[in-house]
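The values are calculated or read from the model by the stated rules, or taken from the named source; none is laboratory data. Being a predicted model, the structure only gives us computed values, none of them experimental. Cβ atoms come from the backbone with ideal geometry, glycine included; neighbour counts cover every protein chain shown.
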Amino acid sequence: MILAVASGKGGTGKTTVAVNLALAVSEQTTDHTGSQVILLDCDVEEPNAALFLEPTIVRRREVGVLVPDVRADQCTGCGRCAQVCQYHAVALVKGRVLVFPELCHGCGSCSLCCPEGALSEKMRVTGAIERGIVSASFQFAQGILNVGEAMAVPVIRQLKRSTIPRDSRPHLVILDAPPGTSCPVVETLRGSDLALLVTEPTPFGLHDLQLAVEVARGELRLPVAVVINRDGVGDQGVERYCQAKGIPVVMRIPMDRRIAEAYAEGHPLLEALPEYRQRFLDLYQRVQEVAKQ
């Protein structure tokens, strides 16, 4: 199962849910079956799941975008490359082709359409992927976007491609998505079996939950379930919305100072409050049921 844990806004407890769910399920996984839990931190602009898991990093590689490289001696200045570029990363100025690497999405259209073969591609490094081990049944990976880079999607895409096995599916893959509803979130959710949306019972939480549901259900046609964090504060707007839309609320985490203290000290919730171990196992059971519906 590939489970994307997302939220319409930051600070709802998305990473808390992803980390502790992965820990709870991995502890129940028997090693002799070969099953694995894999957590991917796809919030590449500010990954922080590793702060709670403290994985042993065993591999790191640079990733980036293939950008055009112009061979001036072969270029005739026809401008075809600039015409096909949807992102305005290539321009023709006074018969000379100019490339703006920061705008390039690496689609390759310009090099494919060049009638003279004057464009090749070279790697422009924009980030890195790190893989590590938490336990015998728990693997970890994260993407890290270089400071100053604007496009997180290529790093997320390569993180997923290089980490999620294609031949044998692990027991559970958890994708810790970036906050919000922009392109990095869409790329993280794409290909998942279910979107688990973490929210809080406030007007802001409801507003951003509605946006996240529109992306997951409307654009990607994914089944959706909701976790309400800081339950007991705010109002009943989130509850009423979920009931009206037929969205199951699969877990409620109360407003509890002990949870905030554990988070501030970098301790997983299961370590600080062991009674939550069974609650997260129950959560996993419920999301499996929702995904099958």
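Miscellaneous remarks
- Hits in the stretch 153-177 (condition: modelled with pLDDT under 95 and part of a loop (DSSP other than H, G, I, E, B)): ILE164, PRO165, ARG166, ASP167, SER168, ARG169, PRO170, HIS171
- Restricting attention to the stretch 190-206, the residues that are part of a helix (DSSP H, G or I) and surrounded by 15 or more Cβ atoms within 10 Å (Cβ to Cβ) total 2.
- When the stretch 36-46 is filtered for residues that are of a type in the set (Asp, Glu), buried (at least 22 other Cβ atoms within 10 Å of the Cβ) and assigned to a loop (DSSP other than H, G, I, E, B), only ASP43 remains.
- Hits in the stretch 240-266 (condition: in a loop (DSSP other than H, G, I, E, B) and closer than 18 Å to ARG230 by Cα): PRO248, MET255, ASP256
- Qualifying position, being charged (D, E, K, R), closer than 20 Å to THR56 by Cβ and either out of contact with any Cys (no Cβ under 9 Å at 6 or more places or on another chain) or surrounded by fewer than 20 Cβ atoms within 10 Å (Cβ to Cβ) (or both), among GLU130, GLU149: GLU130
- Matching option when the condition is in contact with a strand residue (DSSP E or B) (Cβ under 9 Å, 6 or more places away or on another chain), more than 16 Å from VAL5 (Cβ to Cβ), surrounded by fewer than 16 Cβ atoms within 10 Å (Cβ to Cβ) and assigned by TED's automatic domain parsing to the domain that holds ALA49, among GLY246, GLY232: GLY232
- Count - residues of the stretch 47-71 that are assigned to a loop (DSSP other than H, G, I, E, B) and of a type in the set (Lys, Arg): 1
- With respect to the conditions (1) in a helix (DSSP H, G or I); (2) touching a strand residue (DSSP E or B) at 6+ places or on another chain (Cβ under 8 Å), VAL186 falls short on a single one, namely (2).
- For the stretch 94-123, taking the residues that are in a strand (DSSP E or B) and buried (at least 17 other Cβ atoms within 10 Å of the Cβ), the one that is nearest to the chain's Cα centre (by Cα) is identified as VAL99.
- The single condition among (1) surrounded by fewer than 20 Cβ atoms within 10 Å (Cβ to Cβ); (2) outside the structural domain of ALA141 (by TED's automatic domain parsing); (3) under 30 Å from the mean Cα position of the chain (by Cα) that GLY79 does not satisfy is (3).
- Selection status of LEU119, closer than 30 Å to ASP231 by Cα, among the hydrophobic types (A, V, I, L, M, F, W, C) and touching a helix residue (DSSP H, G or I) at 6+ places or on another chain (Cβ under 7 Å): no
- Residue under evaluation ARG286, criteria (1) in a loop (DSSP other than H, G, I, E, B); (2) within 20 Å of ILE2 (Cα to Cα); (3) not polar (S, T, N, Q), criterion not met: (1)
- LYS9 in contact with an Asp or Glu (Cβ under 8 Å, 6 or more places away or on another chain), in contact (Cβ under 8 Å) with a residue 60 or more places away in the chain, assigned by TED's automatic domain parsing to the domain that holds ILE164 and farther than 18 Å from ILE156 by Cβ: yes
- Only one entry of ALA177, ALA152 meets the criterion of being closer than 13 Å to LEU40 by Cα and not assigned by TED's automatic domain parsing to the domain that holds VAL90, and that entry is ALA177.
- Criterion applied to ARG240, ARG166, ARG252 was being within 24 Å of ILE38 (Cβ to Cβ) and among the charged types (D, E, K, R), and the one residue passing it is ARG166.
- Hey, ALA141 under 10 Å from GLY64 (Cα atoms) and assigned to a strand (DSSP E or B) or not: no
- Per-region count, the stretch 218-235, residues at negative phi, outside any strand (DSSP E or B) and either of a type in the set (A, V, I, L, M, F, W, C) or at pLDDT 95 or above (or both): 3
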